[in-house]
Each structure stands twice: as structure tokens, then as C-alpha cells.
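Asks: Sharing a structure here in C-alpha cells format.
The values are calculated or read from the model by the stated rules, or taken from the named source; none is laboratory data. This one's a predicted model, so the numbers in the text were calculated from it and none came from an experiment. For neighbour counting, all protein chains shown are included, and Cβ atoms are generated from backbone atoms with ideal geometry for every residue, glycine included. With ligands, DNA and RNA removed, areas are computed over all heavy atoms of the protein, side chains included. Shrake-Rupley method; radii C 1.70, N 1.55, O 1.52, S 1.80 Å.
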Amino acid sequence: NMHSSLPEAVKSVADQNYSNIELIVVDDGSRAGIYRSQLSGLGLTLKLLEIDHNKGKPSAVNCGFEVANGAYFTILDADDQLSPDSISKRISALQADQADLCIGSFEVCYQGIVQSVRSIEDYAGRNREYLKRHLLSTIISPIHQNTMLFSKRLLQRTGPMDPRMIRGQDKDFAIRLIQNCNTLTYVEEPVYCYYRYDRPLKKRITNRLIGMRYKLEVIYRYADSWRKGIYFLWGMAVEGAKFIHDLFGIYKK
């Protein structure tokens, strides 16, 4: 149900300075259908897929993976946008370092204004275990899964998104990509625009409660045995604090 933001997301793909792009738009059971006329005239190789009823992001992304023809993949949410050189910079970094996974920095935006930049700079050159620990333990994640561009071979080794994950699927998938990649490289400039927006209090609280359950699931899956207890307590404390912020209408998304 993101018809209002979808054209801008698609345009950000059409405006890339890298031209060899296949765009797959998956309508995950929107109440009103997405019409090709909304997305036409942009000079893109475009496929529009429809799922009969809402199954969640993992199923939608996996549907796209199944029909994609490309050698490399990246994911764009319908309410976000790519920076104009997002694809070209990540492809160049992959080719220069003969890597199968590239991670970039990203901007956090609200009402069209950039609020902050979450830089990957401090994580460049770190080992995979370091990245995994920070994905499991940091309050504000320094890595957005959608800044990752990865090879088809890496996807085949990693497997699809887990359709059982109602929330936390991005972090789960990001950790698996990092664990399975042969060579990892980085783009320190922002390659992705992540948009915050206001949500009704009931929706924020519901998302937070569900998110807490799946954050603990990710910790259970990937934390070392002796760290599990510490990460569980820390995760509950962090999510509890965010829940309190949501309850009083302070925290947004």
C-alpha cells in the first residue's frame, strides 16, 4: 500500500548513471493494485509481479529473486530511494576488489530533509565476526541491508530471505550474506536514502512488540553461545526503551 511513494522509488532507479538495470516491482497484496501506467515512460527494463494476498517482505523479495536475470542484486523498499550513483559505485567496488558483497553508507531522511548519515567507514576492513556482533548489539544499526549489493553466486550460497521472519528479516539476511561471502568491500559515500515517517501510535507499538520477539530470534540464531545471555538481556533492554519512547509518541519508526 505504498502507491504514493512508489513512483519516486522507481524514478531513483531510472535516474541511475548505470544503465544495465533490470527492475522488478513486487506488489505484495496491496488493497489497490499497482498499474504499469504509474511506472511507465522511465526507460527501464521492468517486471511487475503481483502476490494475491499480503505475505510480508521476505516472500515478496524472494519472488523477485526467482525471476531475476541479473548477475548482481540489491533491494529497494518502496518508500526509500537510491542515490544517483548508487549502483555504479557499488558495482565498481565489487569489480575492483573482485568481491561478491559490497556495503555502502546511507542517509536517514524525514520529510525530504537529510537528518543524518550512517557511515560504513568505521567498519571497513573489519572482520565478519566484528560486523555480526555489531549488527546484533548496536542500538542504532550502522548497516542497512538494502545498501548491500551482492552477486548471484553469493545469493545461491546464502539462500533466500526467511519467510518466517515477520520482522528482523533484513538483519537476518544481512548476517547470512556476510557469513557466506568470499570477499567483502565497501563504498563509504551514501548509496541509499532511508525515509522515516510518522506512524499511528498503535502501529508503532505493535511493530515494536513484534520486533522485540524477532530481534531475540536473530540473537538466538547468530550469537555465540557464551554471548547469547548477554545479548538477550541487552536486546530486551534496548527494545524496552524504544517501546517506552513509542508509547509516549516520541520515537518515530
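Asks: Of all the residues that make up the stretch 77-89, how many are open to solvent by less than 50 Å² (accessible area, probe 1.4 Å) and in a loop (DSSP other than H, G, I, E, B)?
Replies: 6
Asks: Is there a residue being farther than 15 Å from Ala93 by Cβ, in contact with a strand residue (DSSP E or B) (Cβ under 7 Å, 6 or more places away or on another chain) and of a type in the set (Ser, Thr, Tyr) anywhere in the stretch 131-139? First the steps, then the outcome.
Replies: Within the stretch 131-139, the first condition is being farther than 15 Å from Ala93 by Cβ, and the residues that meet it are 131-139.
From what is left, the residues that are in contact with a strand residue (DSSP E or B) (Cβ under 7 Å, 6 or more places away or on another chain) are none.
There is no residue in the stretch 131-139 that is farther than 15 Å from Ala93 by Cβ, in contact with a strand residue (DSSP E or B) (Cβ under 7 Å, 6 or more places away or on another chain) and of a type in the set (Ser, Thr, Tyr).
Asks: Provide a single number: the residues in the stretch 39-56 that are open to solvent by less than 30 Å² (accessible area, probe 1.4 Å) and modelled with pLDDT of 75 or more. Explain how you work it out, then say what you get.
Replies: So in the stretch 39-56, the residues open to solvent by less than 30 Å² (accessible area, probe 1.4 Å) come out as 39, 51, 56.
Filter again for modelled with pLDDT of 75 or more, leaving 51, 56.
Matching residues across the stretch 39-56 total 2.
Asks: Does any residue of the stretch 24-38 turn out to be of a type in the set (D, E, K, R), in contact (Cβ under 8 Å) with a residue 40 or more places away in the chain and surrounded by 15 or more Cβ atoms within 10 Å (Cβ to Cβ)?
Replies: Of all residues in the stretch 24-38, those of a type in the set (D, E, K, R) come to 27-28, 31, 36.
Now restrict to residues that are in contact (Cβ under 8 Å) with a residue 40 or more places away in the chain: none.
Checked against the condition, which is being of a type in the set (D, E, K, R), in contact (Cβ under 8 Å) with a residue 40 or more places away in the chain and surrounded by 15 or more Cβ atoms within 10 Å (Cβ to Cβ), the stretch 24-38 yields no hits at all.
Asks: Additional query: Just to be sure I understand the filter: pairs with C-beta atoms under 7 Å, separated by 6 or more residues or on different chains, first member in the stretch 168-196 and farther than 30 Å from Ile113 by Cβ and among the polar types (S, T, N, Q), second member open to solvent by 30 Å² or more (accessible area, probe 1.4 Å) and part of a loop (DSSP other than H, G, I, E, B). Which pairs pass?
Replies: Close Cβ pairs satisfying both conditions: Thr183/Gln98.
Asks: Further question: Is it true that some residue in the stretch 108-123 is open to solvent by 20 Å² or more (accessible area, probe 1.4 Å), acidic (Asp, Glu) and closer than 30 Å to Arg227 by Cβ? Can you show your working first?
Replies: Going through the stretch 108-123, the residues open to solvent by 20 Å² or more (accessible area, probe 1.4 Å) turn out to be 110-119, 121-123.
Narrowing the set further to residues that are acidic (Asp, Glu) leaves 121-122.
This time we only want the ones that are closer than 30 Å to Arg227 by Cβ, so: 121-122.
The answer is yes, given that some residue of the stretch 108-123 is open to solvent by 20 Å² or more (accessible area, probe 1.4 Å), acidic (Asp, Glu) and closer than 30 Å to Arg227 by Cβ.
Asks: Tell me, which residue of the stretch 90-127 that is in a loop (DSSP other than H, G, I, E, B) and out of contact with any strand residue (DSSP E or B) (no Cβ under 7 Å at 6 or more places or on another chain) is modelled with the highest pLDDT?
Replies: Gln98
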